[in-house]
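Bear in mind these aren't lab numbers, they're just calculated from the coordinates by the rules spelled out. Worth saying up front: this structure is predicted, and the values here are computed from it rather than measured. Reconstructed Cβ throughout: ideal geometry from the backbone, glycine too, with neighbour counts over all protein chains shown.
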Amino acid sequence: MPGVTLSRWTMSYFATALVSLIIAELLMTVGYGYPNAPIRSAESLVLVHLTALGWLSLLMCGALHQFVPVLVARPLHSDVLPLPALACLVAGLAALVLGFLQMGGLLSAEMIGFPVAAVLLAVGFALVLWNLARTLWAARPLPLPARFVAIGLCSIAATVTLGIIFALVLGGVAVNPHLVDITAEGVPLHAIGGLGGWLTFTAMGVSYRLLAMFMLAPELDGPRTHIGFYCGAAALAVAIVGGVTAICIGASLPVILGASGLLGLCALVLYGADILRLYRARKRRVIELNSRMAAFALASLAAAAVATAVFVSLGALARHIAPVVFLVVFGWLSGLGLAKLYKIVAFLTWLECYGPMLGKAPTPRVQDLVVEARAVRWFVLYFLATWAATVALFFQNPTAFQVCTGLMLIASLCIIGQLGRIRRLLDVNPTMRLPTGARLPQLLRCSVQQR
Amino acid sequence: MTRFVDVDVRPILRAGGEPFDKIMEAVNALQPGEGLRLFATFKPTPLLHVLGAKGFEHEARALDGGDWEVLFSPSTAQRPDAATDTLAGGDDTPWPEPRQHMDNRDLDPPEPMVRILVVTEKMAPGDVLSALLCREPIFLFPELAKRGHAWRGGFEPDGVTYKVLIRVGAGREPAK
């Protein structure tokens, strides 16, 4: 039981991620990419990867560097590796965007973007995975939330591997016929591995612990949670392993994806039941903004799952995939991410600044760092705009979509402004803001406590 | 082959007692190359970490009736470092009775940590504080280490309540 200290680079990941979110929302607002361009166009792919990699994956990596140690009650394997990993991931993302622009003929140059991106992203994710996997490995046997994370890490490994295959084939480096087939047909597997396995499954695992912690609810470890875990893990294995096999031997991919979808739906239903139980069994009646807003994100996930089931039964999923994915990415993952950032940034900042002062001088509470009444309006605007944008996509109305994403952009900028105020302690009562001996935290980096 | 010394703490646990001292006594009495076979009424996760820090590998197995058997065998890898001793409590000798008790189970995080640090700042060196929590206070431990306090902790037999004993000023030198 050595305890857990602050992760030095988590704030840097968060800041980089938020910059990517703003760029992505800005591009959507000015009409770049889908729905003004085809869904598989270079412009749309730039947008998708800015969001999935630049925003959500960096957010998740930053959060996991802090929360994997919390989940397993052991220190992070290395506090040094996250920085070179971040540098590789950001440079890799830039090279990937360059590759897409070259692929779309928007930049006339040698196709070097993809191979460079493949190398940089492989190294970046390998460093993240090595660090987190070593941390988890040292803590076996793993508690259930950490097992979700372990499956999430396997999924990102698979997703990145598929992405590298795509990049090497599209960059003209790889010519093996199986790899070409995977590039031609494997995009759904890449998306399921990334959005489903890496981002959603990991977020589910972490949410079990964070929601229980922040709402004073019991930790769930019953049969339902375990069955949900196995269903979800099986869904991912069927989709990724089964899907790649099906492509290579020429079997039917839709059958595999259907089987995976059913298992995934079971996992989501069981997860939904667990989360309802957490909210109902909480000891804390008045819950904080982050838990209230997480409920909006969870509702978005539920709506996306229902919509997927309905569209599949009508045979119309391919036609309506864009609004479903948009709702998963911006309603569920981004909504949950922004809501939890509001709590995590406040908590880490409080611990960094006031932890050493506790008991020695009057210190503010974590909640004294935030002004929820001011932040709530931007969160509500964010979710309303996201849901409206989803509807606009469904009805294929690009102008309405751009207006909605513009509102999402404003809401995101204002939420980021609140996060900045938290980090600089601007809303703390001046009499308690900086007791003697306390230092104002740096915006982008945590000073790590000495052991 | 590792020879295992049996320690059955189930009677102590069933009587509501704290078996930590007995386990550490048995561990300290082990000859080089000997291991420990522990029987408990629940999986003693915190103990796995403590003995891991002392250089033991473990293999846990659920028995019929909800009990657990854990085999601790001496690790071949070099593990222990200076910090782990403090983390495991600094020494294995019995501590004085707690001077103060707190029940922080119904408090929002990080309030349990705040209250513990407020109280330990007012206690005299050598005093012991006992606190009940609803989870392992992982962010508290580095702060205790920095302030030079030692602690022992673990889940109670109910598997839900975490009890931590903190001995003021009994750890290493505080970090500068």
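Across chain A, the relative contact order, built from alpha-carbon pairs under 8 Å that are at least six residues apart, equals 17 percent. Relative to one another, the C-alpha centroids of the stretch A:166-202 and the stretch B:86-160 are positioned 50 Å apart.
Between amide H atoms placed 1.01 Å from N, distances below 5 Å from B:ASP8 occur with B:PHE39, all of them 5 or more places distant or on a separate chain. Pairs spanning more than 25 Å between alpha-carbon atoms, out of B:LYS43/B:LYS163; B:LYS122/B:LYS163; B:LYS22/B:LYS43; A:LYS340/B:LYS163; B:LYS22/B:LYS146: A:LYS340/B:LYS163; B:LYS22/B:LYS146.
Its alpha carbons give the stretch A:120-266 an Rg and a Dmax of 16.7, 55 Å.
In this simple spin-label model, placing a label point 7 Å from the Cα along the Cα-to-Cβ direction at both A:LEU384 and A:ASN429 gives a separation of 3.3 nm. Close amide H partners of A:LEU107, meaning residues 5 or more places away or on another chain with modelled amide H under 5 Å apart, are A:GLN102.
Order A:54-60, A:352-358, A:307-313, A:241-247 from most to least packed using the mean count of other Cβ atoms within 10 Å. Don't skip to the answer; put the middle values down first.
Details: A:54-60: 25.9, A:352-358: 22.3, A:307-313: 15.6, A:241-247: 18.3.
Per-residue mean Cβ counts within 10 Å order the peptides as A:54-60, A:352-358, A:241-247, A:307-313.
Against the compact-protein benchmark of 2.2 N^0.38 Å, the Cα-based radius of gyration of the protein assembly as shown scales to 1.01. With bins 5 Å wide beginning at 0, the percent of Cα pairs of the stretch B:100-167 falling in each bin runs 4, 18, 33, 28, 13, 4, 1. In order along the stretch A:315-332, phi translates into HN-Hα couplings of x, 10, 5, 4, 6, 10, 5, 4, x, 5, 5, 4, 5, 5, 6, 9, x, 7 Hz, rounded to whole numbers, per the Karplus curve 6.51 cos²θ - 1.76 cosθ + 1.60 with θ = phi - 60° and x for Gly and Pro. Basic side chains Lys and Arg get +1 at the Cβ, acidic Asp and Glu get -1 at the Cβ, and with that the dipole of the protein assembly as shown about its Cα centre reaches some 1240 debye.
Listed by chain and number, the aspartates and glutamates whose alpha-carbon sits under 13 Å from that of A:LYS283, ignoring those within fewer than 8 places in the same chain, are A:GLU219, B:ASP106, B:ASP108. Positive end of the dipole of chain A (Cβ unit charges, origin at the Cα centre): among A:GLY197, A:PRO69, A:VAL149, the Cα lying farthest that way belongs to A:PRO69. Quick one: which residues, 5+ away or cross-chain, put their amide H under 5 Å from the amide H of A:LYS283? H built at 1.01 Å from N. Those qualifying (amide H under 5 Å, at least 5 residues apart or on another chain) are A:ALA217. In the protein assembly as shown, a dipole from Cβ-located charges (positive for Lys and Arg, negative for Asp and Glu) runs towards its positive end, and of A:SER57, A:VAL238, A:PHE401 it is A:PHE401 whose Cα lies farthest in that direction. Shape class for the stretch A:374-451: prolate, because the ratio a/c of the largest to smallest gyration tensor axis (alpha-carbon atoms, square roots of eigenvalues) is 1.5 or more and a/b beats b/c.
Pick out the long, greasy-scoring helices in chain A: whole DSSP H runs spanning 15 Å or more along their own axis by Cα, mean Kyte-Doolittle at least 0.0.
Long hydrophobic helices here: A:10-29, A:58-72, A:82-103, A:113-137, A:144-170, A:202-215, A:223-237, A:253-281, A:289-313, A:335-354, A:372-394, A:398-423.
Ordering A:GLU110, B:GLU143, B:GLU69, B:GLU59 from the fewest to the most neighbouring beta carbons within 10 Å gives A:GLU110, B:GLU59, B:GLU69, B:GLU143. Dipole orientation for the protein assembly as shown: of the candidates A:TYR34, A:ALA24, A:THR363, A:THR363 has the Cα lying most toward the positive pole (charges on Cβ; Lys, Arg +1; Asp, Glu -1).
Averaged over the residues of peptide A:355-365, the number of Cβ atoms from other protein chains lying within 10 Å of each residue's Cβ is 5.
The stretch A:413-436 and the stretch A:1-64 have Cα centres separated by 25 Å. Note on A:49-61: average number of Cβ atoms from other chains within 10 Å of each residue's Cβ is 0. Model label sites at A:VAL376 and A:GLU185, defined 7 Å from Cα along the beta-carbon direction, differ in position by 5.2 nm. Each residue of the stretch B:6-15 was assigned a 3J(HN,Hα) from its phi angle through the Karplus curve 6.51 cos²θ - 1.76 cosθ + 1.60 (θ = phi - 60°); the sequence is 7, 10, 10, 9, 4, x, 5, 5, 5, 7 Hz, with glycine and proline shown as x.
With a 10 Å Cβ neighbour count serving as the proxy for reagent exposure, in which order, fewest first, do A:HIS190, A:HIS320, B:HIS101 appear?
Details: A:HIS190 22, A:HIS320 17, B:HIS101 10.
Fewest to most other Cβ atoms nearby, the residues stand as B:HIS101, A:HIS320, A:HIS190.
For the stretch A:143-285, averaging the sequence separation of C-alpha pairs within contact (under 8 Å, six or more residues apart) and dividing by the residue count gives a relative contact order of 29 percent. B:ARG3 sits among other residues whose Cβ lies under 12 Å from its own Cβ, and their net charge, with Lys and Arg +1 and Asp and Glu -1, is -1. Using the Cβ-Cβ distance between B:ASP64 and A:LYS360 with R0 set to 41 Å, the FRET efficiency works out to roughly 0.20.
Expressed as a fraction of 2.2 N^0.38 Å, the value expected for a compact globular protein of N residues, the C-alpha radius of gyration of the stretch A:1-140 is 1.18.
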